[in-house]
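Only one structure is covered here, and it is reproduced in the block below.
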Amino acid sequence: QAQLAESGGGRVQAGGSLRLSCMILRRTFDISAMGWFRQASGKEREFVGRITTSGHTYVVESVKGRFTISRDNAKNTMYLQMNDLQPEDTAVYYCGAKRGVSSSESHENYEAWGQGTQVTVSS
């Protein structure tokens, strides 16, 4: 199974910014896309966005204009730049990797996950 390692979470005030990183430590399958999900306390894991191997990115409407996904192939790392953070963005953020053509919006289609990193936004 591929191994992913996340970093960059923390606590910020509303309007602040954070950048999360997801490094691929070990690759055991051909990754077709990598995604970001988040899970707030007591809620289900929610899709935030993804980047494909060809570099196409997508983020959900609720974070569009505030969150940006990018990657550095030389560093085997994907990023989630989060600006203008709001209290409703508070969650544990996870990165995942998937193969094939299944939907990138369903966490069930991901085969490898990072350990998660807490993002807390205070008002």
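The values are calculated or read from the model by the stated rules, or taken from the named source; none is laboratory data. Since the model is a prediction, treat every value here as computed from it, not as a measurement. Ideal geometry is used to build each Cβ from the backbone, glycine not excepted, and the neighbour counts take in all protein chains shown. Accessible surface is based on the protein model in full, side chains and every heavy atom, while ligands, DNA and RNA are left aside. Shrake-Rupley method; radii C 1.70, N 1.55, O 1.52, S 1.80 Å.
Details
- For Y79: the one exception among (1) farther than 19 Å from E108 by Cβ; (2) at pLDDT below 95; (3) of a type in the set (S, T, Y): (2)
- The number of residues in segment 105-123 that are within 22 Å of N83 (Cβ to Cβ) and either free of Cβ contacts under 8 Å to residues at least 24 places away in the same chain or open to solvent by less than 80 Å² (accessible area, probe 1.4 Å) (or both) comes to 7.
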